[in-house]
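The values are calculated or read from the model by the stated rules, or taken from the named source; none is laboratory data. Not measured: the values here are computed from a predicted model. Cβ atoms come from the backbone with ideal geometry, glycine included; neighbour counts cover every protein chain shown. What goes into the accessible areas is simple: the full protein's heavy atoms, side chains included, and nothing from ligands, DNA or RNA. Shrake-Rupley method; radii C 1.70, N 1.55, O 1.52, S 1.80 Å.
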Amino acid sequence: MKSYNELEALVIAWATQKGIIENGTTIAQAGKTMEECTELMVAIARHDDDEIIDALGDILVTIIIQAEMQGVSLTECLESAYNVISKRTGVMKNGQFLKDK
C-alpha cells in the first residue's frame, strides 16, 4: 500500500498532466468537491460501503487538487483547523456535535 504522501504526489502529477492545475479554476474545483460530497451522502443513505470508499477517495482527490491550486499544503490546513477545533466546546445532539456559540 502506498503512503499518503506518495498518493498525494501522484494525484498532483495526474492533475498537472490533465491540465487541471494550470487551466482549471479554484471555484470549479470547489464545485467538484461539492459534487463528490453529494455522492458520499447518497452512498451513506444507501449503506453502500464500496461507494462510500469511492466517494471519500474522490473527495480527497478534489481537496488535494484545490490545495495545490491555492498554493497551500493540506498539513498546514489541517493544523490550522485542529488549532481551532481543539479549543471548541459543545454538545452532541441527534448524532451531531454542535459547537457552542
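Quick check on segment 63-73. Is at least one of its residues surrounded by fewer than 10 Cβ atoms within 10 Å (Cβ to Cβ) and either at pLDDT 95 or above or on the phi > 0 side of the Ramachandran plot (or both)? The answer is yes, given that some residue of segment 63-73 is surrounded by fewer than 10 Cβ atoms within 10 Å (Cβ to Cβ) and either at pLDDT 95 or above or on the phi > 0 side of the Ramachandran plot (or both).
Quick one: is Ala81 surrounded by 15 or more Cβ atoms within 10 Å (Cβ to Cβ), of a type in the set (A, V, I, L, M, F, W, C) and either assigned to a helix (DSSP H, G or I) or touching a Leu at 6+ places or on another chain (Cβ under 9 Å) (or both)? Here the answer is no, as Ala81 does not meet what is asked.
Scanning segment 10-27 for residues that are part of a helix (DSSP H, G or I) and either touching a strand residue (DSSP E or B) at 6+ places or on another chain (Cβ under 6 Å) or open to solvent by less than 60 Å² (accessible area, probe 1.4 Å) (or both) yields Val11, Ile12, Ala13, Ala15, Ile20, Ile21, Thr26. Just one residue in the set Ile44, Ile59, Ile63, Ile53 is part of a helix (DSSP H, G or I), out of contact with any Ser or Thr (no Cβ under 9 Å at 6 or more places or on another chain) and within 30 Å of Lys101 (Cβ to Cβ); that residue is Ile44. Taking the condition open to solvent by 70 Å² or more (accessible area, probe 1.4 Å) and either in a helix (DSSP H, G or I) or at negative phi (or both), does Glu35 pass? For Glu35, the condition - open to solvent by 70 Å² or more (accessible area, probe 1.4 Å) and either in a helix (DSSP H, G or I) or at negative phi (or both) - is met.
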